[in-house]
Structures are given as C-alpha cells and as structure tokens.
C-alpha cells in the first residue's frame with residue numbers, strides 16, 4: 001500500500017530584498033495511513049515551510065518551488081488545480097497553526113467562524129445544514145476539545161478567550177475538516193507548561209479516537225518521543241536523520257541530532273544542556289556540502305564539498321552523514 005503522503009525532493013526558496021533565500025534543499029519524507037510522525041529541529045530550519053508547501057499556502061514571495069508531493073499514491077499536490085486544492089484542505093488535510101491569535105479572525109465570533117468551516121467541509125457530505133445543525137455541530141466539536149462552557153465560547157470573540165482556550169478552538173476547527181491527516185505545527189507555542197501538557201494530551205486523545213494520521217512539529221522532544229511512531233530530524237532545509245521515535249531518541253546518530261537532544265535542560269540534577277555551537281547557516285549563501293559542516297565537531301574536507309547521501313545504518317534508521325557513508 002502506498003503512503004498516505006510522500007514528499008520527494010522538495011525545494012523552496014524565497015525572494016527578499018537581500019536576495020534569494022535557499023531554504024528547503026531537497027526534502028524527502030512520507031507518512032502512512034494511521035501513522036504518527038514527528039518533525040524536530042531548531043527554529044528556522046524549514047519545518048513550517050515544508051508543511052505550508054504540502055498545503056500550498058506558502059507566502060507570495062516563495063520562488064523556485066520544485067518537487068513532488070504525492071497524496072494517496074497518485075495525486076501530485078503540486079499539480080492540483082485551485083478547486084482540487086480547496087477540496088483537499090476542506091476534506092482531507094488540516095493544519096493546527098502555532099499562533100491561534102493569527103489563525104482566528106478577530107472581528108468574528110468563534111461560533112461564526114466554526115459554522116463557516118463546517119458549512120464548506122465535505123466531511124459533512126456537502127449537504128445543506130440548517131443554522132441550528134451548524135451550531136449544534138460547532139458546540140459538539142468545542143465539547144470534544146474539552147472547552148468549559150462551549151455556549152459561552154461559541155458567542156465569544158477571540159480576544160475574550162485565554163491562549164489555551166484559543167488553541168483548543170483552533171484544534172476544534174482543524175477537526176471539522178481533518179478526515180485523514182492532521183498537521184500540528186508547534187501547537188503549544190506561547191502556552192505555559194501546564195497548558196502545553198493538556199493540549200498535547202488532547203491532541204493525542206482526539207487522534208486515537210478518530211484514527212487520524214498526524215505530523216507533529218514540536219520543540220517538546222519528550223512529547224514527540226512518546227506520541228509518534230517515527231521521527232524526522234531537520235536541519236537547515238534538509239532531513240538529516242529518521243528512525244522509529246524511541247530508537248532515535250535513545251540512540252541518535254547524526255552529530256546534529258546528538259547535540260539537539262543534549263541541548264534539552266536536565267531537570268534531574270544534571271545541569272543545563274550543552275547546546276550546539278554556532279547558528280543555522282545564512283540561506284542567502286548556504287554551504288555547498290553538508291549544511292551542518294560549519295558547526296560539526298567531526299567535519300572533514302568531503303563534508304564541505306559534497307552533500308552526504310541517505311544511508312540506512314540500522315533497520316529503519318537512516319542518516320545523512322559522511323561519517324556513516326565511509327563505514
């Protein structure tokens with residue numbers, strides 16, 4: 001059976017006043033039906049850009065967008081018409097954005113926005129629903145995400161809700177159209193630790209109940225380890241490692257993955273994380289070989305000249321690094 005979604009050699013650049021930013025540099029990943037995958041990496045490494053490319057909602061200054069995004073083994077999202085794209089977003093793939101304040105329209109009440117999404121989603125079989133049916137379904141979804149007093153939330157404007165409540169509303173909206181794949185793009189950003197845990201548990205419960213496939217982007221590495229089947233590691237527009245989640249976190253192979261995991265603060269008396277020296281390269285003029293080479297403790301001349309190949313080091317454990325290619 002083909003994957004639910006497969007991304008092949010995805011390239012994306014952005015035109016800026018400084019020049020062309022070469023962000024995504026041949027991204028490859030896939031997700032199977034019913035599977036949950038994690039996508040981790042530093043801020044600015046291209047995770048959100050990859051997800052926006054999948055839904056084709058990149059900013060207008062995106063240029064040189066190349067590659068294939070195959071949905072259900074046959075449909076290339078890159079070649080879909082506007083009508084096909086709208087149907088895909090309404091009925092199959094939904095995205096929870098990391099900033100619920102920006103995702104919600106401040107001049108409309110939550111109920112109005114919920115009913116609009118439900119009305120145009122073919123998950124509800126495209127039938128004309130009465131206003132009462134739309135409201136009842138909206139309230140049901142708000143209850144599903146465990147919002148207290150759904151009636152009050154329904155009649156509220158976004159600014160009248162807390163950050164955690166807004167995030168639950170955004171999840172409810174995503175569930176109104178997510179039929180097969182849910183993309184959760186750092187859904188706990190700007191929330192305190194207690195609310196972060198509640199939101200992640202909520203997503204996990206809803207996904208299991210609806211049997212959705214999920215792409216989880218998060219800096220909460222413990223949550224990614226425990227909530228996903230496989231994890232991809234991204235650095236500077238490249239996928240540099242992939243393995244079963246527990247295997248990857250217990251035995252990271254790429255020097256960047258090792259540094260990323262070691263950067264997590266130790267809460268059991270081990271002190272602060274080590275961190276990784278340097279910063280993500282300038283996308284105006286990225287390194288020609290391995291993009292991690294300027295920050296790597298094991299860099300060799302080959303690393304600076306040629307992009308490393310994708311190597312299967314262990315069963316279902318892949319890494320893009322010259323250290324393992326030579327072995």
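The values are calculated or read from the model by the stated rules, or taken from the named source; none is laboratory data. Because the structure is predicted, anything quoted here is derived from the model rather than measured. All Cβ positions, even for glycine, are placed from backbone atoms using ideal geometry, and neighbour counts span all protein chains on display.
Data for the structure
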item: Among residues of the range 90-116, those that are surrounded by 18 or more Cβ atoms within 10 Å (Cβ to Cβ) and either modelled with pLDDT under 85 or over 14 Å from residue 154 (Cα atoms) (or both), counted; result: 11
item: Boolean, residue 297 is touching a helix residue (DSSP H, G or I) at 6+ places or on another chain (Cβ under 8 Å) and within 26 Å of residue 33 (Cα to Cα); result: no
item: Residues (free of Cβ contacts under 8 Å to residues at least 12 places away in the same chain and part of a strand (DSSP E or B)) located in the range 294-327; result: 312
item: Per-region count, the range 254-286, residues modelled with pLDDT of 90 or more, more than 19 Å from the chain's Cα centre (by Cα) and either assigned to a helix (DSSP H, G or I) or surrounded by fewer than 22 Cβ atoms within 10 Å (Cβ to Cβ) (or both); result: 9
item: Hey, residue 289 closer than 24 Å to residue 13 by Cα, touching a helix residue (DSSP H, G or I) at 6+ places or on another chain (Cβ under 9 Å) and in contact (Cβ under 8 Å) with a residue 40 or more places away in the chain or not; result: no
item: Filtered residues of the range 164-210 (kept if assigned to a loop (DSSP other than H, G, I, E, B), at pLDDT 85 or above and over 21 Å from residue 261 (Cβ atoms)); result: 180
item: Residue within the range 112-123 that is within 28 Å of residue 71 (Cα to Cα), out of contact with any strand residue (DSSP E or B) (no Cβ under 7 Å at 6 or more places or on another chain), outside any helix (DSSP H, G or I) and touching a residue at least 12 places away in the same chain (Cβ under 8 Å) present; result: yes
item: Residues of the range 132-152 satisfying the condition of being assigned to a loop (DSSP other than H, G, I, E, B) and within 25 Å of the chain's Cα centre (by Cα); result: 145, 146, 147
item: The lone exception for residue 155 - which of (1) under 24 Å from the mean Cα position of the chain (by Cα); (2) in contact (Cβ under 8 Å) with a residue 40 or more places away in the chain; (3) surrounded by fewer than 14 Cβ atoms within 10 Å (Cβ to Cβ) it fails; result: (1)
item: Test result for residue 137, surrounded by 17 or more Cβ atoms within 10 Å (Cβ to Cβ), closer than 29 Å to residue 54 by Cα and free of Cβ contacts under 8 Å to residues at least 60 places away in the same chain; result: yes
item: Checking residue 129 against (1) surrounded by 13 or more Cβ atoms within 10 Å (Cβ to Cβ); (2) free of Cβ contacts under 8 Å to residues at least 24 places away in the same chain; (3) in a helix (DSSP H, G or I), the condition it does not meet; result: (3)
